[in-house]
């Protein structure tokens, strides 16, 4: 019989609806039962595309004997971390405090009041890998709950107080914005930069888009300085290494979650909306700075992947593609030499050489020895060797590889695809909105603009109700009040959509979201922002996020949104929202620089000159002037297109005429309006370039 999770919409919870475990979704019913029956709570947190979550589910939650222990001694709650990131954040802090590390699946044992007393991540079904077996953990904790209750409750209370104190310290005052901070941050990044393969630190290696965005922005603002050139070199080297490795899908486009090795070759194969949205923008900015067509190709292929495989018919974008296919991680993406020969015939030798495929393969999975001899495709050939071996020019090789890629794509379509998590998350869709809108503006792609407008309309129709934003949508139903990163990511996406279309309604909605953010998330005592709204469910700790995870931190994104809208609407108080956010982390910023890419972007933005480009005229007449602006990466420049000169103070006295005009101003000093692309290019000066 299905358990209570059968009534949920989360794909992750539904994956566990047929477990013999008596699961509850998070809610009052589970806690009331725990109090009534004097039982501890077993909280299990994961997400649908998590490989080790699947492993623990198969080994333990589908095991009748282990399920019996869980049901006999505990009240069991299952949470989708993507649906309830607020719950995940609170109890992940507990896991890290107890064990010194975190991850998913996350397993936390709570008192009936929700206070944690024991925690871990993956537990095997038997003692293995240096970890106690899950049955032993369950029996031990159940016994201690009966025989040593006072110590457990004391431990839970102490840990909860520790978490609350840590959350309060995160908002403590420090120094304000210092002009030297960002230059010193670049130097700190250089200390942990992998000069061979790019990225920061050792394996496993994550793409860290917020950090790379900061480095590209710094390079664009300071192109003539040694520090600026160093920042640009680190970012561009990393972009090229990721795009040629196996973390990038060389056949279908799009990026996997991270690389298990330092060279970006073997990925953890899940594909997340947030990674692909952020990385598409990052490669777009790389293209603007270098003119490198390879970067533009990555943008196109990544966005086409999202449109093809992750778009809901209503216009939103799904959360993730699983790492597993047919229960095996990565099986969908791997190739052998015989498979390439069968699909490609006489083109196989070129493909084998181009994609680095070998008989022994580069992928190993000790649980699936049958995958030996399979390769993750990379694109790091010795081009000169290929030209000699095949008697072809580079252009001819590239033409053939394009055809080969298409043939491999259609052959792969015959395989069993990975599972799809088809819920729509507002914050992640805000990141996608920014990517499609900016790509439409920079690349001149009407299809991307149409996708962005459709997405914004979908979010407003389905997830914005009577002035309240919701976090998740599935099967026509919005659920869970939105959190800080939903408001801020969507607000930033709407800013980009306005810049791409000149349609003021999108900027006006961004302003509504920002005003709601100030009213419902801002701490009046410190000026920083909580992750959850003042009227949201009260958990044991009300967290604040400053440290970037896979997505920008809530406080960093709030600082950026306040800066943008403060400059668009000439509101210095909104701009000043950045100051308490920076002060809260000032003592930690350079000691843990790789966690603060978003706040570093906000610092650089706050220090940047107030530069505005206002383009007045009908869309068709504005297009040549907007194209000049689109050719340049201007990370902190206010771009304001309009057809009717209403809605913003920057439009005052700049009503449309028979000719489209562009006004360029910096620090309240304006140049004569430009009426032609050549004049506008002259007003803007030389574009920053890292070519």
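The values are calculated or read from the model by the stated rules, or taken from the named source; none is laboratory data. Small disclaimer: the values here were computed from a predicted structure and weren't measured. Cβ sites come from the backbone with ideal geometry, for glycine too, and all protein chains shown count toward neighbours.
For residue 66, are the conditions met, namely being assigned by TED's automatic domain parsing to the domain that holds residue 149 and farther than 19 Å from residue 113 by Cα? Yes.
In the range 426-435, the condition of being part of a helix (DSSP H, G or I), touching a helix residue (DSSP H, G or I) at 6+ places or on another chain (Cβ under 8 Å), surrounded by fewer than 23 Cβ atoms within 10 Å (Cβ to Cβ) and not assigned by TED's automatic domain parsing to the domain that holds residue 340 is met by no residue. Here residue 557 clears all of (1) surrounded by fewer than 24 Cβ atoms within 10 Å (Cβ to Cβ); (2) closer than 21 Å to residue 176 by Cα except the condition numbered (1).
State whether one or more residues within the range 89-96 are surrounded by fewer than 20 Cβ atoms within 10 Å (Cβ to Cβ), without any contact (Cβ under 8 Å) to a residue 40 or more places away in the chain and within 30 Å of residue 487 (Cα to Cα). So far as the range 89-96 goes, yes, one or more of its residues are surrounded by fewer than 20 Cβ atoms within 10 Å (Cβ to Cβ), without any contact (Cβ under 8 Å) to a residue 40 or more places away in the chain and within 30 Å of residue 487 (Cα to Cα).
Could you say which residue among 358, 378 is part of a loop (DSSP other than H, G, I, E, B), loosely packed, with under 13 Cβ neighbours inside 10 Å and outside the structural domain of residue 266 (by TED's automatic domain parsing)? Result of the check over 358, 378: 358.
The set of residues in the range 641-659 being part of a loop (DSSP other than H, G, I, E, B) and under 14 Å from residue 501 (Cβ atoms) consists of 643, 644, 647. Of the residues making up the range 365-375, those that are touching a residue at least 40 places away in the same chain (Cβ under 8 Å) and either surrounded by fewer than 18 Cβ atoms within 10 Å (Cβ to Cβ) or over 20 Å from residue 404 (Cβ atoms) (or both) number 2.
Residues in the range 310-334 that are in contact with a strand residue (DSSP E or B) (Cβ under 7 Å, 6 or more places away or on another chain), over 17 Å from residue 458 (Cβ atoms) and modelled with pLDDT of 95 or more: 4 in all.
Consider residue 199 carefully, then state whether it is within 13 Å of residue 298 (Cβ to Cβ), crowded, with 20+ Cβ neighbours inside 10 Å and in contact with a helix residue (DSSP H, G or I) (Cβ under 8 Å, 6 or more places away or on another chain). So residue 199 does not fit the description; no.
In the set 459, 469, only one residue is more than 18 Å from residue 300 (Cβ to Cβ), touching a residue at least 12 places away in the same chain (Cβ under 8 Å) and not in a helix (DSSP H, G or I); that residue is 469.
Tell me whether the range 610-628 contains one or more residues that are farther than 18 Å from residue 441 by Cα and touching a helix residue (DSSP H, G or I) at 6+ places or on another chain (Cβ under 9 Å). Within the range 610-628, one or more residues are farther than 18 Å from residue 441 by Cα and touching a helix residue (DSSP H, G or I) at 6+ places or on another chain (Cβ under 9 Å). Could you say whether any residue in the range 341-349 is under 17 Å from residue 376 (Cβ atoms) and assigned to a helix (DSSP H, G or I)? Yes, the range 341-349 has at least one match. The number of residues in the range 477-514 that are farther than 20 Å from residue 638 by Cα and part of a helix (DSSP H, G or I) comes to 4. Cβ separations smaller than 9 Å between residues 6+ apart or across chains give the following pairs from the range 22-44 residues that are in the same structural domain as residue 79 (by TED's automatic domain parsing) to residues that are loosely packed, with under 14 Cβ neighbours inside 10 Å and in a helix (DSSP H, G or I): 25/7. Residues in the range 668-691 that are in contact with a strand residue (DSSP E or B) (Cβ under 8 Å, 6 or more places away or on another chain) and loosely packed, with under 11 Cβ neighbours inside 10 Å: 0 in all. Any residue at all in the range 405-425 that's touching a helix residue (DSSP H, G or I) at 6+ places or on another chain (Cβ under 8 Å), without any contact (Cβ under 8 Å) to a residue 60 or more places away in the chain and not assigned by TED's automatic domain parsing to the domain that holds residue 513? No; the residues of the range 405-425 include none that is touching a helix residue (DSSP H, G or I) at 6+ places or on another chain (Cβ under 8 Å), without any contact (Cβ under 8 Å) to a residue 60 or more places away in the chain and not assigned by TED's automatic domain parsing to the domain that holds residue 513. Per the listing 277, 296, 217, the residue uniquely in contact with a helix residue (DSSP H, G or I) (Cβ under 9 Å, 6 or more places away or on another chain), assigned to a helix (DSSP H, G or I), closer than 25 Å to residue 356 by Cβ and touching a residue at least 60 places away in the same chain (Cβ under 8 Å) is 296.
In this structure, residue 350 does not satisfy being out of contact with any strand residue (DSSP E or B) (no Cβ under 6 Å at 6 or more places or on another chain), closer than 15 Å to residue 247 by Cα, assigned by TED's automatic domain parsing to the domain that holds residue 405 and at pLDDT 95 or above. Within the range 362-373, does at least one residue satisfy the condition of being within 30 Å of residue 449 (Cα to Cα) and assigned to a helix (DSSP H, G or I)? No: zero hits.
The rows are residues; the columns are (1) crowded, with 24+ Cβ neighbours inside 10 Å; (2) over 20 Å from residue 507 (Cα atoms); (3) touching a helix residue (DSSP H, G or I) at 6+ places or on another chain (Cβ under 9 Å); (4) touching a residue at least 12 places away in the same chain (Cβ under 8 Å).
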site: 577; (1), (2), (3), (4): yes, no, yes, yes
site: 586; (1), (2), (3), (4): no, yes, yes, yes
site: 602; (1), (2), (3), (4): yes, no, yes, yes
site: 639; (1), (2), (3), (4): no, no, yes, yes
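Among the residues of the range 312-336, write down those that are surrounded by 19 or more Cβ atoms within 10 Å (Cβ to Cβ) and outside any loop (DSSP other than H, G, I, E, B). Residues satisfying the conditions are 317, 318, 319, 320, 321, 324, 325, 329, 331, 332, 333, 335.
Consider the range 264-274 and keep the residues that are modelled with pLDDT of 95 or more and assigned to a strand (DSSP E or B). The one that is surrounded by the fewest Cβ atoms within 10 Å (Cβ to Cβ) is 272.
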